[in-house]
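A.B. asks: The following block contains the structure, expressed as structure tokens.
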Amino acid sequence: MFCDGVADLDAAERARYADLLVLIAAADGELVREEIQLLEGFMGRAMVHPEARTSIRKGLYDTNRLSNLLKNAEVETLRFVLRDGALLAAADGEYDRRELRILKKIASNAGVDETELKALFDWVAKGWEWHANGVVLAKLSARNNSPSE
């Protein structure tokens, strides 16, 4: 992943970012390999300390924390969560209604309207296509359960 401003958030906001992504990943009741890989990558890119990651992972089993995490959250943090959360929610090949509900609440708190949220989902779809093209160009074997299907 490319470096971006998520690592420039203060430590509390980076932890909030990771906590919100954990809620999105856990929303459908199961974690697949692709979600775990993305989640770990996002926490690494955000420079979340390994000890904090352990605590954050515990949130996989407590999905009722959304309103507390949204309270006093910085808009920039929520927008990073929307971008990365849309990608994370699609990692298993589909958006679950519970994932979408969380993303819509985050969008509302971030001042992101339906049109802008749809544009993020379209960006994710184009990204999966871009990635699939890379697999073809490199003559790699594709996985049957690719999110672009």
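A.B. asks: Sort 38-49, 82-93 by packing, meaning the average of other beta carbons within 10 Å per residue, with the highest value first.
C.D. replies: Peptide ranking by packing, descending: 82-93, 38-49.
A.B. asks: Right, something else. Neighbouring Cβ atoms within 10 Å as the yardstick, rank Ile56, Ile36 fewest first.
C.D. replies: Ile36, Ile56
A.B. asks: Just want the answer: with Cβ charges of +1 for Lys and Arg and -1 for Asp and Glu, which residue in Val124, Val6, Ala52 is farthest toward the dipole's positive end in the chain?
C.D. replies: Ala52
A.B. asks: Something else about it: Using +1 on the beta carbon of Lys and Arg, -1 on that of Asp and Glu, and nothing else charged, what's the dipole of the chain about the Cα centre, debye to 20?
C.D. replies: The calculation lands at about 200 debye.
A.B. asks: Residue by residue through the range 99-115, what is 3J(HN,Hα) from phi via Karplus (6.51 cos²θ - 1.76 cosθ + 1.60, θ = phi - 60°)? Round to whole Hz and write x for glycine and proline.
C.D. replies: With the stated coefficients, the range 99-115 comes to 5, 5, 4, 5, 4, 5, 5, 5, 4, 4, 5, 8, x, 9, 8, 4, 5 Hz.
A.B. asks: Can you work out ³J(HN,Hα) from phi for every residue in the range 41-47, in order, using Karplus 6.51 cos²θ - 1.76 cosθ + 1.60 and θ = phi - 60°, giving whole Hz and x for Gly and Pro?
C.D. replies: Working through the residues one at a time gives x, 5, 5, x, 5, 7, 6 Hz.
Any read-out appearing in this document is the output of simple, stated calculations on the displayed coordinates, not a laboratory observation. For clarity, every value in this text was computed on a predicted model and none was experimentally measured. Every residue, glycine among them, receives a Cβ derived from its backbone with ideal geometry; neighbour counts consider all protein chains shown.
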